[in-house]
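**Q** Sharing a structure, written as structure tokens. Questions coming.
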Amino acid sequence: MNHSILPKINYPADLRQLSDQDLKQLAIELRNETIKSVSETGGHLGSSLGVVELTVAIHSIFNTPHDKLIWDVGHQCYPHKIITGRKEKMKTLRQEGGLSGFTKRSESNYDPFGAAHSSTSISAGLGFTVARDMGMPTGDAIAVIGDGSISAGMAYEALNNAGAENRRFFVILNDNEMSIAPPVGAMSKYLSSLYANQQFYSLKELAENFANSLPGPLKEGARRAKGLITGLAGGTGNTFFEDLGFSYVGPIDGHDLDQLLPVLRTVKTRSEGPVVIHCVTKKGAGYAPAETASDKYHGVSKFDVMSGKQHKSKSNAPSYTSVFGNTLVKEASLSEKIVAVTAAMPSGTGLNIFQNSFPGRTFDVGIAEQHAVTFAAGMAAGGLRPFCAIYSTFLQRGYDQIVHDVALQKLPVRFAIDRAGLVGADGATHAGSFDISYLSNLPGFVVMAASDEAELTHMIRTAAEYDEGPISFRYPRGDGVGLDLPERGELLEIGKGKICKEGSKVAILSLGAHLQEALSAADELEQLGISTTVADARFAKPLDTDLLKELAENHEVLITLEEGSIGGFGSHVVHWLLENKFIDKGVKVRSMFLADKFIDQASPAVMYQEAGLDIKSIIRTALDGLGIANLQKDNLKIIK
């Protein structure tokens with residue numbers, strides 16, 4: 001092949017003019033372009049490389065965007081973006097003002113449904129299917145879901161509903177856990193002959209002939225695949241999917257267009273009801289450094305294409321995640337009751353560190369946050385001390401279980417909430433914006449937020465020894481501030497904060513990791529002649545009412561500061577001050593929280609500036625509270 005195809009591809013309609021041989025060449029070029037793009041921006045590489053051929057096949061056969069292609073999670077959507085009109089923008093991927101790292105409805109009409117949390121694609125696809133059947137201007141729906149995502153409860157519910165509805169609907173299972181490598185040539189030969197045959201097969205006959213005609217090793221692979229979800233075939237002898245009302249075709253090699261193209265063409269032509277096409281793929285496929293890496297380059301920083309070496313910035317401070325993992329190991333060595341639960345994120349939450357020391361006390365339940373929460377509640381009811389470690393944005397998925405199964409029963413589940421606040425390149429879908437609000441409104445919940453890595457160690461020990469009910473502690477993504485860590489965390493008095501800097505005119509009461517910004521703002525205010533107190537609240541619930549009383553009585557302005565939405569810490573503080581008539585007595589209160597909007601990806605610093613929580617915003621808020629409208633010209637540069 002001596003000509004490049006990708007430069008001529010602007011939209012999927014261009015693919016439909018290509019021969020099958022040209023589509024194979026396009027897949028090679030698309031993989032290279034994906035590697036090149038992510039090397040310059042960072043992002044989710046391994047999963048995107050795993051679906052290059054699948055992306056080409058779907059877009060060449062289905063009439064997107066009229067037909068709706070829905071990528072579950074969205075980690076794997078980079079090749080899709082390249083061939084749907086966004087090729088020239090890939091250098092802006094996950095950057096401020098650039099392309100999202102996930103599918104996003106506002107970005108392209110080829111992204112019919114936004115996705116960054118898992119297991120939503122089948123539900124959304126069924127919704128599009130019903131809309132089509134009720135006369136809306138939309139075509140077929142194709143949901144692409146991974147073997148990890150399909151194990152989650154929401155996917156089960158959607159499969160059950162879709163099977164009962166019995167509507168024409170395509171689910172492609174992207175399975176990168178199973179290997180069907182040898183001999184792929186025999187499979188391709190069989191498929192080519194099967195689909196070239198003029199005889200008409202029903203989809204069920206097609207699937208049966210497919211499985212029965214496979215060579216021995218592949219037939220065994222197909223048999224194993226039938227139990228992919230439950231490990232068992234149904235009582236009828238069907239696959240799990242068939243028992244739910246789906247037709248099942250597969251497994252097929254998701255990197256072989258000689259298999260993908262004829263299978264997808266046939267199911268598109270002959271399907272009348274719901275069908276599952278089981279594709280086996282390999283994360284990181286076609287790029288050796290990704291294929292050989294333990295994480296298959298799931299998420300990478302910028303890297304050198306030739307060597308695969310990532311350009312990660314080094315910090316002298318440990319990450320909050322590693323502090324959590326290491327500190328929990330220390331606490332667990334002192335108490336055999338401590339156990340840990342993760343929802344498919346052991347390394348992301350730092351529980352891989354705990355798992356290395358205590359494998360029998362670590363439980364990875366898969367992408368199942370609802371189950372994780374209630375599972376931890378059951379362990380707490382049984383006398384253990386469970387730490388349920390889940391990102392703030394993912395913990396939202398288990399909120400009913402937090403309310404009903406944990407809080408209502410006053411069970412001492414310890415929630416370790418990673419990625420609290422704004423997280424940078426992953427954008428709004430992964431922002432930890434709401435946990436302070438949704439937890440501090442629950443009766444009997446203790447809600448803590450770490451201002452630095454040393455405070456995190458104190459909170460982990462405090463949570464470990466607290467048995468009176470549910471307790472949580474939140475901490476941000478990234479590295480700490482560089483403090484020395486204690487040998488063991490202190491046991492904090494529940495509901496007590498601390499004064500970090502004393503002043504007399506303005507008080508800044510900070511909750512969480514914006515304490516350093518509060519201290520910097522206080523220094524700037526001191527230069528303007530405004531004496532400023534800074535306090536670390538530590539607890540959003542229960543409030544330190546003694547500290548609130550002291551700050552309200554001895555300052556003209558009281559500012560609350562938190563990396564969370566309205567309705568959280570600041571709201572509780574204002575309510576208490578109103579109830580106790582401190583505002584009537586003259587203190588001016590200002591609450592600073594995340595702006596009431598979803599904030600797109602950028603650096604955390606830029607995102608917090610947009611949210612109105614940067615240092616300059618804190619200074620402006622203090623000046624506003626004091627009624628200072630004008631300063632000397634020399635000082636204006638501080639707050640511009």
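**Q** Going by the conditions given, is residue 54 modelled with pLDDT of 95 or more, open to solvent by less than 10 Å² (accessible area, probe 1.4 Å) and within 26 Å of residue 294 (Cβ to Cβ)?
**A** Here the answer is yes, as residue 54 does meet what is asked.
Per-residue answers, yes or no, for (1) open to solvent by less than 10 Å² (accessible area, probe 1.4 Å); (2) in contact with a strand residue (DSSP E or B) (Cβ under 8 Å, 6 or more places away or on another chain):
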| site | (1), (2) |
| --- | --- |
| 392 | yes, yes |
| 398 | yes, yes |
| 404 | no, no |
| 409 | no, no |
| 414 | yes, yes |
| 424 | yes, no |
| 434 | no, no |
| 457 | yes, no |
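**Q** Which residue pairs have Cβ atoms under 8 Å apart, sit 6 or more places apart or on different chains, and have a first residue in segment 545-572 that is farther than 19 Å from residue 618 by Cβ and open to solvent by 50 Å² or more (accessible area, probe 1.4 Å) and a second that is of a type in the set (Gly, Ala, Ser) and part of a loop (DSSP other than H, G, I, E, B)?
**A** 554/504
**Q** Also: Scan (1) open to solvent by 40 Å² or more (accessible area, probe 1.4 Å); (2) part of a loop (DSSP other than H, G, I, E, B); (3) not small (Gly, Ala, Ser) for the single condition residue 268 breaks and write down its number.
**A** (2)
**Q** Test each condition in (1) crowded, with 24+ Cβ neighbours inside 10 Å; (2) in contact (Cβ under 8 Å) with a residue 40 or more places away in the chain; (3) among the β-branched types (Val, Ile, Thr) for residue 129 and report the one that comes out false.
**A** Condition not satisfied by residue 129: (1).
**Q** Could you check how many residues of segment 324-348 are part of a helix (DSSP H, G or I), at pLDDT below 95 and either within 13 Å of residue 415 (Cα to Cα) or more than 19 Å from the chain's Cα centre (by Cα) (or both)?
**A** Total meeting the criteria: 0.
**Q** Pairs under 6 Å by beta carbon, first residue farther than 11 Å from residue 389 by Cβ in segment 342-363, partner among the hydrophobic types (A, V, I, L, M, F, W, C), six or more apart or different chains?
**A** Listed by first residue and then by second, the contacts come to 344/367; 357/329; 358/332; 361/339.
**Q** Related question: Is it true that some residue in segment 514-531 is under 30 Å from residue 298 (Cα atoms) and modelled with pLDDT of 95 or more? It would help to see each step written out before you state the result.
**A** Step one: of segment 514-531, the residues under 30 Å from residue 298 (Cα atoms) are 514.
Next, only the ones that are modelled with pLDDT of 95 or more stay: 514.
Yes, segment 514-531 contains a residue that is under 30 Å from residue 298 (Cα atoms) and modelled with pLDDT of 95 or more.
**Q** Residue check, residue 47 against (1) of a type outside the set (Lys, Arg); (2) part of a helix (DSSP H, G or I); (3) open to solvent by less than 10 Å² (accessible area, probe 1.4 Å), all met but one. Which one?
**A** It is condition (3) that residue 47 fails.
**Q** Here's another thing I want to ask about it. Which residues, taken from segment 85-101, are under 19 Å from residue 606 (Cβ atoms) and open to solvent by less than 50 Å² (accessible area, probe 1.4 Å)?
**A** 92, 93, 94, 98, 99, 100, 101 - these are the residues of segment 85-101 that are under 19 Å from residue 606 (Cβ atoms) and open to solvent by less than 50 Å² (accessible area, probe 1.4 Å).
**Q** Being under 30 Å from residue 164 (Cβ atoms) and open to solvent by 30 Å² or more (accessible area, probe 1.4 Å) is the filter here; which residues of segment 271-311 pass it?
**A** Matches in segment 271-311: 272 only.
The values are calculated or read from the model by the stated rules, or taken from the named source; none is laboratory data. These numbers come from a predicted model, not from an experiment. Here the Cβ is made from the backbone with ideal geometry for all residues, glycine too, and neighbour counts use every protein chain on show. Remember, those area values only see protein heavy atoms, side chains included, never the ligands or the DNA or RNA. Shrake-Rupley method; radii C 1.70, N 1.55, O 1.52, S 1.80 Å.
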